[in-house]
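J.: Once you've had a glance at the structure underneath, I'll fire off some questions.
The values are calculated or read from the model by the stated rules, or taken from the named source; none is laboratory data. The structure presented is a predicted model; accordingly, all values stated were derived computationally and were not measured. Glycine gets a Cβ as well: all are built from the backbone with ideal geometry, and neighbour counts include every protein chain shown. SASA here: full protein model, heavy atoms, side chains in, ligands and nucleic acids out. Shrake-Rupley method; radii C 1.70, N 1.55, O 1.52, S 1.80 Å.
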Amino acid sequence: MRIPNLGETDLLVPLHSGMFEQPMWQTFMRRLRGVCAAEGVAIMLAGSGERHEVVLREGAGVAVPDKAMREARVYTGDELQVAESGLRAVRVGAADAMVTLAVSGSPAPGAEIASLLSALVPHLRVALQVLSTIERERGRASASAEAFRRMNFGWIALDERCRIVELDAQAERLLERMGALRRGPYDRLVPAQPAIDRQLTGLVKAMAQDRRHRPRAINLSQDPWVDILVAPMRVDTLAGGGRAVAAVYLRGDRSSIADRHEQLVDLFGLTPAEARLAWSLAQGLSIAEAADAHGLTTETARYYSKRIYAKTGARGQVDLVRNILTGVLALA
């Protein structure tokens, strides 16, 4: 195995880390320009989620070729019929992206520069594969984050003293606008109700001692509905270097109960009385409990429930919970 010399290391490290720079690959292009004693270096990136080609330059303007090029072959400016004959360029493709690297100078870059570009090809391909993967995962994460935003889901990582170690943007927004839970002094997560605060503190301490502790759900508010699920931290990337011991998964309803009743009327064609009963059943109340809550007899509530199941397509209360809480109403 040949150990790379200093010059190669100086180029390869910024090539592989350059996708995290802003703008990308500036260090790599600056060092490549110095190694090649070139007037300019350019990278053209196409694909990887970009609608249009992105051209990055270092030094004097470089005419990046737009003609068809065979992958991994180093071309001269004359072969590509570009205005600048003093040019060497190579193109590499990976997944759904393509990168073209060009070096220009006067006199024209020679065989040594061509050999260097050829040696960089496998590293360009790896860097492009990593960039494509990052962009693809970023797109998926963005879609998931939008769904979580619409469903008002968020997560918060806590240390053993209930201090916030990390949280997502949705949880940050929920903490800013809800009264049932807030960020307190020293970044401590503080429920509004002292009894729930004590319960949360006890759970987090127990989970710090036992990572197999059973997750626990806690209702913080019923109007609007706000729930949290407290679970031992099992996602290392969210653990903040091992400081987080518990994860709080948070869901806060953006709509009041009255708003939810109106949405059920619009979505399923329920009457207002049916909508009120349907929402109570979806929150886990029994027929008898829901009837008592709305001043109905149990017989009337049973009659309404049959009409509700027929209109929502539910075969029972379990189906009703799923149709209401995990259907399109959750995105409203």
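J.: Subtracting the Cα-Cα distance from 0.36 nm times the residue separation, let me have the gained length for Glu21 to Asp292 in nm, one decimal.
T.: 91.4 nm
J.: When a/c is below 1.5 the answer is rounded, else prolate if a/b is larger than b/c, else oblate, so apply that to the chain with a ≥ b ≥ c taken from the square roots of the Cα gyration tensor eigenvalues.
T.: Cα axes put the chain in the prolate bin.
J.: Report the extension gain between Arg173 and Ala63 in nm, rounded to one decimal, defined as 0.36 nm multiplied by the number of residues separating them, less their alpha carbon distance.
T.: On the way: separation 110, 0.36 × 110 = 39.60 nm, distance 4.64 nm.
Contour length minus Cα-Cα distance gives 35.0 nm.
J.: Solvent-accessible area per residue for segment 83-222 at a 1.4 Å probe radius, Å²? Could you put the intermediate results ahead of the total?
T.: On the way: 7290 Å² over 140 residues.
Dividing the accessible area of segment 83-222 by its residue count gives 52 Å².
J.: OK, next. In percent, what relative contact order does the chain have, based on Cα pairs under 8 Å that are 6 or more apart in sequence? Walk me through the numbers on the way to the answer.
T.: Values: 531 pairs, mean separation 34.1, N = 332.
In percent, rounded to a whole number, it is 10.
J.: Rounded, prolate or oblate: which one fits segment 13-81, using the alpha carbon gyration tensor with axes a ≥ b ≥ c (rounded when a/c is under 1.5, else prolate when a/b beats b/c, else oblate)?
T.: Oblate is the answer for segment 13-81, as a/c is 1.5 or above yet b/c matches or exceeds a/b.
J.: Please work out the FRET efficiency for the pair Val318 and Ala273, using the Cβ-Cβ distance as r and a Förster radius of 22 Å; give the result to the nearest 0.05. Intermediate values should be presented prior to the final figure.
T.: Numbers: r = 22 Å, r/R0 = 1.01.
The calculated FRET efficiency here is 0.50.
J.: For Ala72, what is the net charge nearby, where nearby means another residue's Cβ is under 13 Å from its Cβ and Lys, Arg count +1, Asp, Glu -1?
T.: With Lys, Arg at +1 and Asp, Glu at -1, the neighbours total +3.
J.: When the helix-only estimate is applied to the chain (DSSP H runs of n ≥ 4, each -39,500 (n - 2.57), divided by the residue count), what is the mean residue ellipticity at 222 nm, nearest 500 deg cm²/dmol? Before the final figure, lay out each step's value.
T.: Working: 11 runs with 147 residues, N = 332.
Result for the chain: -14000 deg cm²/dmol, rounded to the nearest 500.
J.: Using a/c under 1.5 as the rounded threshold, could you call segment 88-129 rounded, prolate or oblate? The axes a ≥ b ≥ c are square roots of the C-alpha gyration tensor eigenvalues, and prolate needs a/b larger than b/c, oblate otherwise.
T.: Judged from the Cα gyration tensor, segment 88-129 comes out prolate (a/c at least 1.5, a/b above b/c).
J.: Any idea how far the Cα center of segment 282-304 sits from the one of segment 177-199, in Å?
T.: 33 Å
J.: OK, next. Using a Förster distance of 45 angstrom, determine the FRET efficiency expected from the C-beta separation of Tyr303 and Ile134, and round it to 0.05. Intermediate results must be reported in sequence, preceding the final value.
T.: On the way: r = 56 Å, r/R0 = 1.26.
Efficiency, from the Cβ-Cβ distance: 0.20.
J.: Let me ask another. Extension gain Asp210-Glu166, at 0.36 nm per residue separation less the Cα-Cα distance, in nm?
T.: Result: 13.8 nm gained on full extension.
J.: What is the percent carbon and sulfur in the accessible area of the chain, measuring with a 1.4 Å probe over the protein chains and ignoring ligands?
T.: 52 percent
J.: Something else now. For a quick protection proxy, order the peptides 162-171, 280-289 by their average other-Cβ count within 10 Å, most packed first.
T.: Numbers: 162-171: 19.5, 280-289: 17.2.
Descending packing order for the listed peptides: 162-171, 280-289.
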